[in-house]
1. Which residue out of Glu289, Glu277, Glu284 is within 25 Å of Ala157 (Cβ to Cβ) and crowded, with 21+ Cβ neighbours inside 10 Å?
2. Go through Gln238, Gln213, Gln234, Gln206 for me and flag whichever is in contact with a Gly (Cβ under 8 Å, 6 or more places away or on another chain), surrounded by fewer than 22 Cβ atoms within 10 Å (Cβ to Cβ) and not assigned by TED's automatic domain parsing to the domain that holds Leu387.
3. Filter the range 384-410 down to residues that are buried (at least 23 other Cβ atoms within 10 Å of the Cβ) and assigned to a loop (DSSP other than H, G, I, E, B), then give me how many there are.
4. Taking the range 219-236, which residues are of a type outside the set (S, T, N, Q) and out of contact with any Pro (no Cβ under 9 Å at 6 or more places or on another chain)?
5. Spot the failing condition for Glu381; the list is (1) outside any strand (DSSP E or B); (2) more than 24 Å from the chain's Cα centre (by Cα); (3) modelled with pLDDT of 90 or more, and only one is missed.
6. At pLDDT below 90, among the aromatic types (Phe, Trp, Tyr) and either in the same structural domain as Ser57 (by TED's automatic domain parsing) or assigned to a strand (DSSP E or B) (or both) - does that describe any residue in the range 278-296?
7. Consider only pairs whose beta carbons are under 9 Å apart and that are at least six residues apart or on different chains; among these, list those whose first residue lies in the range 41-63 and is at positive phi and among the acidic types (Asp, Glu) and whose second residue is modelled with pLDDT under 85 and surrounded by 24 or more Cβ atoms within 10 Å (Cβ to Cβ).
8. Which of the residues belonging to the range 315-330 are of a type outside the set (A, V, I, L, M, F, W, C), surrounded by fewer than 22 Cβ atoms within 10 Å (Cβ to Cβ) and over 13 Å from Ala359 (Cα atoms)?
Amino acid sequence: METSNIKVGADITVLREREVDYDSDMPRKITEVLVRKVPDNQQFLDLRVAVLGNVDSGKSTLLGVLTQGELDNGRGRARLNLFRHLHEIQSGRTSSISFEILGFNSKGEVVNYSDSRTAEEICESSSKMITFIDLAGHHKYLHTTIFGLTSYCPDCALLLVSANTGIAGTTREHLGLALALKVPFFIVVSKVDLCAKTTVERTVRQLERVLKQPGCHKVPMLVTSEDDAVTAAQQFAQSPNVTPIFTLSSVSGESLDLLKVFLNILPPLTNSKEQEELMQQLTEFQVDEIYTVPEVGTVVGGTLSSGICREGDQLVVGPTDDGCFLELRVCSIQRNRSACRVLRAGQAATLALGDFDRALLRKGMVMVSPEMNPTICSVFEAEIVLLFHATTFRRGFQVTVHVGNVRQTAVVEKIHAKDKLRTGEKAVVRFRFLKHPEYLKVGAKLLFREGVTKGIGHVTDVQAIAAGEAQANMGF
């Protein structure tokens, strides 16, 4: 006997319906529904999606079409509202990180599509919210893309590939970053309106070959119908190896609805038990962006790594160049452009700090509970894998290190048990930051690069220093 599939994810949406004949005069209908359980302490379910892909693959255009509800004119009109700088509008290329939101109501309908719809209204009307993190595609801005992947903690990534160019430019590099940082991803093949059907099929086959290679170990799943989209969302949430592939056009609108169905059904990928454990810890907020807002004062944007943050909380921020942590007060909180009184672990938001001096802040700092007594370091060790280096990786080599929201140049002080490293080799390496100390935690994922040199790993040890010792340790 066939039964309905119930997915707990107290909104109910009918996903698909079919008739089944049980050898009787009256055929019966079998209905599959989505039961979306929104936690009592949350207004809506939130999913963060990083958008990756080569330059000119159509990332910003796709986000413009998804969030604004109007198809592109073929010349990039849909992306204009997403750009933050004049040179981005002039060149059509993203150079900074921007955020766009897509809300779904209890019926699975997009709530964005209204001329008068504000961000606050979208949040109030949504039971599911997708936050897209639009990252740069040009190799020139690779450091911005890496910062977005490491600091904003996306639940998954959307890798955009242009049907007419295939895997080109930074596509492989972005794919490698998602694999190295263990970010689940799905693929969208764009611009199918510009190509013959055979060209699109060739690009899909190329992607399938790459995904099946030993370095990826992924199971590609081509989505061609609404049933496929429902199944893909289920499988993607259950297994990190499944990689759905969509083929669509931002100009003709072909298959756009399949991507919306997938995004609506896709449940949060974070474990609720882990989330509860993080909320019970002390407050730790990563500072990723810093602004000055008229009549508000200094504002910082970032992600709450652990604990709970409320309006009026007293926190400390640092480390400064001399390794100190400074006291401050959270005046107000905004999440998805609307006021929020309580921020929970895993959520991204902006915090208003009033008249706190902006010059004392920088990206890479953390805001923590005073009782945490945070430790900082200028020297740390990491177990690394050298992904690529033209010659040999030796003591004294300088690289740009990315650990969470930390991005700074460090020098290799020692390679344990070895004199040098070659491509593909592993070792425990001691690094020293060149500019100022940082707040690091053992176990944090690490990525480093310098030119064509690239490597990944995790922090195994930090040599903690006291605030008064910081300048001496940095060689000042």
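1. Working: Glu289 fails: crowded, with 21+ Cβ neighbours inside 10 Å; Glu277 fails: crowded, with 21+ Cβ neighbours inside 10 Å.
Unique residue meeting the criteria: Glu284.
2. Working: Gln238 fails: in contact with a Gly (Cβ under 8 Å, 6 or more places away or on another chain); Gln213 fails: in contact with a Gly (Cβ under 8 Å, 6 or more places away or on another chain); Gln234 fails: in contact with a Gly (Cβ under 8 Å, 6 or more places away or on another chain).
From the options Gln238, Gln213, Gln234, Gln206, the qualifying one is Gln206.
3. 2
4. Here is the first cut: in the range 219-236, the ones of a type outside the set (S, T, N, Q) are 219-223, 226-230, 232-233, 236.
Matches in the range 219-236: Val219, Glu226, Asp227, Val230.
5. Here Glu381 clears every test but (1).
6. Yes, the range 278-296 has at least one match.
7. Qualifying pairs under 9 Å: Asp56/Gly137.
8. Across the range 315-330, the qualifying residues are Asp322, Glu327, Arg329.
The values are calculated or read from the model by the stated rules, or taken from the named source; none is laboratory data. Here the structure is a predicted model, which is why all the values come from computation and not from measurement. Glycine gets a Cβ as well: all are built from the backbone with ideal geometry, and neighbour counts include every protein chain shown.
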